[in-house]
Amino acid sequence: MYYFNALETEFLTVFAVKEGSKYIPYGLRIEKNSDTLSNYKLEHNYAMETNFITSSGIYIGMSVDFVQNIYKSQTMTLWTKGDTTYLHYVPVEKDAKHYKRYLPGEYSATYKFVNDKCRSIEMLVEPKSFDK
């Protein structure tokens, strides 16, 4: 499933797996529209919101430091390649109280920054977790 924000500046992709006759969402990706859709068109929907914001308050355009501050008590992996910086987070056992449905290690979040501005947010749950 694909969604533009109301201004068509951000693009949300919802990933789903088919279980029987139903599709179960297991992840999402929010990207700056200019980064992803300039070369192709997808069938999509429109959201009423002007920006997509995660439940922890993270949105496209935030700085690396701001996102790290939101995760201040969690360990994140950071790496840089050229002008692109990535932050990756997988919850550990101490964070279990925040993750009710699946085990902490079955969740992950990856943030991509170009010139210190968030350009992509990807949050996933391992689809194999649905079998449990």
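In the stretch 2-131, Cα pairs under 8 Å separated by at least six residues give a relative contact order of 24 percent. Separation of the alpha carbons by more than 31 angstrom is noted, of 22/72; 18/117; 72/100; 22/100, for 22/72; 18/117. If you take the alpha carbon atoms of the chain and fit the smallest convex hull around them, that volume is 128 Å³ per residue. Label separation (residue 73 vs residue 101): 2.4 nm, computed from points 7 Å beyond Cα along the C-beta direction. In order along the stretch 76-88, the Karplus-derived 3J(HN,Hα) couplings, from 6.51 cos²θ - 1.76 cosθ + 1.60 at θ = phi - 60°, round to 10, 9, 10, 8, 10, 9, x, 8, 10, 10, 10, 10, 10 Hz, and Gly and Pro are given as x.
For the stretch 1-110, trypsin sites (Lys or Arg not before Pro) are listed when DSSP marks them as loop and at most 10 other Cβ atoms sit within 10 Å of their Cβ; the list is 41, 72, 100, 101. Within the chain, antiparallel bridges make up roughly 95 percent of the DSSP beta bridges whose residues both belong there.
No lab work stands behind these numbers, since they all come straight from the coordinates. Since we're looking at a predicted model, the values are computed, not measured. We place every Cβ from the backbone using ideal geometry, glycine too, and count neighbours over all the protein chains shown.
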